[in-house]
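Scroll down for the structure; my scribbles are underneath it.
The values are calculated or read from the model by the stated rules, or taken from the named source; none is laboratory data. Predicted, not measured: the structure shown is a model, and the values here were computed from it. Reconstructed Cβ throughout: ideal geometry from the backbone, glycine too, with neighbour counts over all protein chains shown. Protein only, heavy atoms only, side chains kept; ligands, DNA and RNA dropped before computing areas. Shrake-Rupley method; radii C 1.70, N 1.55, O 1.52, S 1.80 Å.
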Amino acid sequence: MNQVKYTSIAIILHWVMALLIFATWSIAIAVDDMPLSPARITGLSWHKWLGVTVFFLVILRIMWRATHPAPPLKLAMPAWQERVMQLTHIALYLLMLLIPIAGWLMSSAKGYTVNYFGLFELPDLVDKDKALGHLLKEIHEAMANGLMILVGLHILAALKHQFIDKDGLLSRMTFWGSSNEK
């Protein structure tokens, strides 16, 4: 079945953000138990730089989506599946916004100013507060792990549509397959 594709910009943003989110999460997992060392500091710096990049890109993505709505879905889907899909997408967008904000708040509370590749510094959002920093770390990690669970479900749903339902849904967010975009 021919599916109407997302715009090229939306497709690029989707896949670049997917790679950045996975890299950012992977770096956090890798450095979490490291003792304080240059490798840990470098890893945390990259985690923050990529996290800020994700934050900027999700804002750009939301602005793009507001002016370029999702293409119509050309397939019959049970109402509950469509509702789960809609809620999952809302949750993904919320988490992509809230996780970097929580990380920024956490860094501020821990007394670490966030810089962006050494180009500029983000303002501290809260005063230094060790207890708040610890709480925000827990919230940041829980949301990040929740995001990865949703991403996993998102991938499984896409694979189900591609290989079980064979309805062409995955082609909407790729550059291969049928295209209705001019």
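Structural descriptor for the chain: relative contact order 31 percent, calculated from alpha carbon pairs under 8 angstrom and at least 6 residues apart. For Asn115, the amide hydrogen comes within under 5 Å of the amide hydrogens of Leu122, counting only partners 5 or more places away or on other chains and with H modelled in the peptide plane. Between Leu159 and Leu36, the FRET efficiency estimated from the beta carbon spacing at R0 = 41 angstrom works out to 0.50.
Our coupling estimate for the stretch 6-16, obtained by passing each phi through the Karplus curve with A = 6.51, B = -1.76, C = 1.60 and θ = phi - 60°, is 6, 5, 4, 4, 4, 5, 4, 4, 4, 6, 5 Hz, Gly and Pro reported as x. Of Ala109, Ile27, Gly133, whose Cα points farthest to the positive end of the dipole of the chain (charges on the beta-carbon: +1 Lys, Arg; -1 Asp, Glu; origin at the Cα centre)? Value: Ile27.
Please give the helix 38-67 orientation as an angle from the longest Cα principal axis of the chain, in degrees from 0 to 90, rounded to the nearest 10. With rounding to tens, the tilt is 40 degrees.
Per residue, the accessible area of the stretch 76-182 comes to 63 Å² when a 1.4 Å probe rolls over the protein heavy atoms. Using only Cα atoms, find the angle between the long axis of helix 130-159 and the longest principal axis of the chain, and express it within 0 to 90 degrees, rounded to the nearest 10. The helix 130-159 is inclined about 20 degrees to the chain.
Using the average count of surrounding beta-carbon atoms within 10 Å as a protection proxy, the listed peptides 136-147, 45-56, 82-93 rank, highest first, as 45-56, 136-147, 82-93. Spatially close Lys pairs in the stretch 1-142, defined by Cα atoms under 25 Å apart and a spacing of eight or more places or different chains, total 9. On the basis of the beta-carbon distance and an R0 of 22 Å, Ile29 and Phe117 show a calculated FRET efficiency of 0.50. May I ask for log10 I(q)/I(0) of the chain at q = 0.10, 0.12, 0.13, 0.15 Å⁻¹, from a Debye sum over the Cα atoms as equal point scatterers with solvent left out? Log10 of I(q)/I(0), two decimals: -0.47, -0.65, -0.74, -0.93. Rounded to the nearest 20 debye, the dipole magnitude of the chain is 480 debye, with +1 charges on Lys and Arg beta carbons, -1 on Asp and Glu beta carbons, and the Cα centre as origin.
Working from Cα positions, state the angle (0 to 90°, nearest 10) between the long axis of helix 79-110 and the longest principal axis of the chain. Taking the Cα atoms of the chain, the angle to 79-110 is about 20 degrees.
Roughly speaking, to the nearest percent, how much of the stretch 1-55's 1.4 Å accessible area is carbon and sulfur? Within the stretch 1-55, the accessible surface is 78 percent carbon and sulfur. As a ratio to 2.2 N^0.38 Å, the alpha-carbon radius of gyration for the stretch 86-132 is 1.39.
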